[in-house]
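Take a look at the structure below.
Derivation of every value follows stated rules applied to the coordinates shown; laboratory data play no part. In this text, all values refer to a predicted model and were calculated from it rather than measured experimentally. Please note: Cβ atoms are built from the backbone with ideal geometry, for glycine as well, and neighbour counts cover all protein chains shown.
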Amino acid sequence: MSSPYNETVMEHFRHPRNVGKIEDADGKALEGSPACGDMVSVHIKVDPNTNIIDDIKFESYGCASNIATGSIITEMAKGKTLAEARKISWLQASDALGGLPKVKAHCSVLAIEGLRSAITNYEERHGLVNEKVPTTIALIRKRLRKVMNPMAGLDLVHTNLVQDIELKDGNVRIVITLPPNHQFAAAIKSEITEKIEPLWDVKELTVEFVE
């Protein structure tokens, strides 16, 4: 039975480049959902003087297209400025791989979203965001969909762990339905902080756990 993938895709699938995490990453992101079967995380290190991506790593959980695209976009983004890397499209990634099956196009889009979200994460942390859209509860909830519930393999919103979100004068309070001493509480709080605190108009973030 012949493979739907060409040799370039299979090479990046079998021997993906830049796999792993950067422990002290300047920007990072997680896109996708285990429920859909595809996820990708992207970590970047950036030279603050030039805004050039010095190092980039990715981890992928999904099909060959997802892994191969994660591999190729890290090669394409490394050495580029943040602005240049943000312009990389899934079509460019697909072309660099020699083409992907149409049914797998969404996998390449996911890797590109991961790259762009990691860049946004860096820009927010360093006050480089040009379009300063006011934070809303809807935006906070959207970002909480990127925080995984380790017990279920799905995000906090879809597993109904987000009990309440309050937003007033830049102060954000998020209530999570989980015992404060739960083994995953600290990790979940860290992930929430990572997603919400960099928002430009958030002055203070409080994460509470209740049984």
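So which trypsin sites (Lys or Arg not before Pro) in region 113-147 pass both tests, a DSSP loop state and at most 13 other Cβ atoms within 10 Å of the Cβ? Before the final figure, lay out the partial values.
Working: sites: ARG116, ARG125, LYS132, ARG141, LYS142, ARG143, ARG145, LYS146; in loops: LYS132, ARG145, LYS146.
In loop regions of region 113-147 (DSSP not H, G, I, E or B), the sparsely surrounded trypsin sites (Lys or Arg not before Pro) are LYS132.
Quickly estimate the mean residue ellipticity at 222 nm for the chain, helices only: each DSSP H run with n ≥ 4 gives -39500 (n - 2.57), and the total goes over all residues, rounded to 500.
Numbers: 7 runs with 75 residues, N = 211.
Helix contribution divided over all residues of the chain: -10500 deg cm²/dmol.
Please report the antiparallel percentage of the DSSP beta bridges confined to the chain, to the nearest 5.
Within the chain, antiparallel bridges account for around 75 percent of the total.
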If the chain between GLU197 and MET151 were fully extended at 0.36 nm per residue, the gain over the current Cα-Cα distance would be 14.2 nm
For a test of the definition: using alpha carbon positions, the gyration tensor, and the 1.5 limit on a/c, classify region 102-159 as rounded, prolate or oblate.
oblate
Can you compute the modelled spin-label distance between LEU139 and ASP95, with each label point 7 Å from Cα toward Cβ, in nm?
3.3
Starting from 0.36 nm per residue, how many nanometres of slack lie between HIS126 and GLU208 once their C-alpha separation is accounted for?
26.9 nm
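For the chain, what is the charge dipole size about the Cα centre, in debye to the nearest 20, if Lys and Arg each add +1 at the Cβ and Asp and Glu each add -1 at the Cβ? Spell out each step's value before the answer.
Numbers: 25 positive and 29 negative charges, 84 e Å.
Roughly 400 debye, rounded to the nearest 20.
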Partners for LYS80 among lysines (Cα-Cα distance below 23 Å; same-chain residues under 8 apart left out)
LYS21, LYS28, LYS45, LYS57
For ASP169 and ASP47, compute 0.36 nm times the residue count separating them, minus their Cα-Cα distance, and round to one decimal in nm.
40.6 nm
Report for region 10-125 the percent antiparallel among DSSP-assigned beta bridges with both residues inside it, nearest 5.
95
Please give the charge dipole size of region 7-125, origin at the Cα centre, charges +1 on K and R Cβ atoms and -1 on D and E Cβ atoms. Round to the nearest 20 debye.
220
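Looking at region 121-174, which GluC sites (Glu not before Pro) are DSSP coil and have at most 15 other C-beta atoms within 10 Å of their C-beta? Please list the in-between numbers first.
Numbers: sites: GLU123, GLU124, GLU131, GLU166; in loops: GLU131.
Answer by residue number: GLU131.
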Give, rounded to the nearest 20 debye, the magnitude of the charge dipole that region 137-210 has about its Cα centre when Lys and Arg contribute +1 at Cβ and Asp and Glu contribute -1 at Cβ.
220
Scoring the chain by relative contact order with C-alpha pairs under 8 Å, at least six apart, yields a percentage of 17
Run the reach check for LYS168 against lysines, Cα to Cα strictly under 22 Å, same-chain hits fewer than 8 apart removed. What comes back?
LYS132, LYS142, LYS189, LYS195, LYS203
